[in-house]
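What follows is a short report on a single structure.
The values are calculated or read from the model by the stated rules, or taken from the named source; none is laboratory data. Values in this document were obtained by computation on a predicted structure and should not be read as measured data. Methodologically, a virtual Cβ is constructed for each residue, glycine included, from the backbone with ideal geometry; neighbour enumeration extends over all protein chains shown.
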Ligand code: UDP
Ligand code: MG
């Protein structure tokens, strides 16, 4: 297979402490791969500034001025979140042109040396190469637990994503082309690349501690991502609710039968105020919870139906 043009997309949100070192290191990786004749010399980086409020964009502009052909960038008008930044990156490089694209975090937590393995797998004919982290040694206990809950929640609710794959992956031009047909506003990338069913493989990589700065992901954001993933790719929760409704009705029916029998056979009318209150609260709570789940789906429909733009780009350096 001939050498391929590689684009590397990097979402950046308030990464002024990392971004220069990250770009320098990734350019070295590109140089190395070019020397090994695995990628073409016109391969490039594409940074997406997700509405940073620090000097990230100024630093990116300077980096672009130094090597305009190799460092390209776009800036959002505001913070849209890392998924939107990744989507903008994929769409940006699709327009600029490339054979394959790797997405990597700006803090270089993911081992950048694995990009070579990604390329090797791409050359072996894979269209999607997913980076899977070896372990979570560098994560705090809280992060470990929430991350594990995230994958468990997704898999329980029928969203098939590989465990410990974050958004470090390579996708081919073919996958980018298919993405063009998906007009969903809240595209959940991990679900999407699994769903399209192209030839997929995984590459294991090591995770390093964050190079500088702090994590932008907290529990609420992760929960938001999980809810978007589930409501985008699975209706299992709705089915569970239907099942729950059925069993609740069955339960009420049996209790009713039991009460009638007690009255007729034993002439014993049960005095169950406490039981009634407990059951009332329990089923009341359960109903509101189920309504909330249905509400998540209605919310998803609401957002999609309005089909507002996924993001607004303020500036582009290409
Ligand atoms: N990020 C982003 N927009 C956000 C939050 C994060 O573009 O609203 C970027 C961030 O700059 C980084 C990547 O997404 O490149 C992953 O974020 P982070 O390292 O904070 O998450 P963690 O590794 O802790 O999960
Ligand atoms: Mg990180």
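Assorted remarks:
- Checking segment 79-89 against the condition returns no match, with no residue being more than 18 Å from residue 167 (Cβ to Cβ) and either more than 16 Å from ligand 2 (Cβ to nearest atom) or surrounded by fewer than 17 Cβ atoms within 10 Å (Cβ to Cβ) (or both).
- Test for residue 255: is it more than 16 Å from ligand 1 (Cβ to nearest atom) and free of Cβ contacts under 8 Å to residues at least 24 places away in the same chain: yes
- Residue 167 under 15 Å from the mean Cα position of the chain (by Cα) and under 23 Å from residue 199 (Cβ atoms): yes
- Criterion: under 15 Å from residue 318 (Cβ atoms) and surrounded by fewer than 21 Cβ atoms within 10 Å (Cβ to Cβ) - qualifying residue of 27, 45, 96: 96
- Residue match in segment 198-219 (condition: assigned to a helix (DSSP H, G or I) and either away from ligand 1 (no atom under 16 Å from the Cβ) or surrounded by fewer than 18 Cβ atoms within 10 Å (Cβ to Cβ) (or both)): yes
- Every pair of residues 6+ apart whose Cβ atoms lie under 6 Å, when the first sits in segment 199-225 and is without any contact (Cβ under 8 Å) to a residue 24 or more places away in the chain while the second is assigned to a loop (DSSP other than H, G, I, E, B) and more than 9 Å from ligand 1 (Cβ to nearest atom): none
- So residue 149, is it surrounded by fewer than 18 Cβ atoms within 10 Å (Cβ to Cβ), within 16 Å of ligand 1 (Cβ to nearest atom) and under 17 Å from the mean Cα position of the chain (by Cα): yes
Every residue, every condition in (1) modelled with pLDDT under 95; (2) within 26 Å of residue 177 (Cα to Cα); (3) within 16 Å of ligand 1 (Cβ to nearest atom); (4) surrounded by 18 or more Cβ atoms within 10 Å (Cβ to Cβ), yes or no:
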{"site": "75", "(1), (2), (3), (4)": "no, yes, yes, yes"}
{"site": "105", "(1), (2), (3), (4)": "yes, yes, yes, yes"}
{"site": "113", "(1), (2), (3), (4)": "yes, no, no, no"}
{"site": "155", "(1), (2), (3), (4)": "yes, no, no, no"}
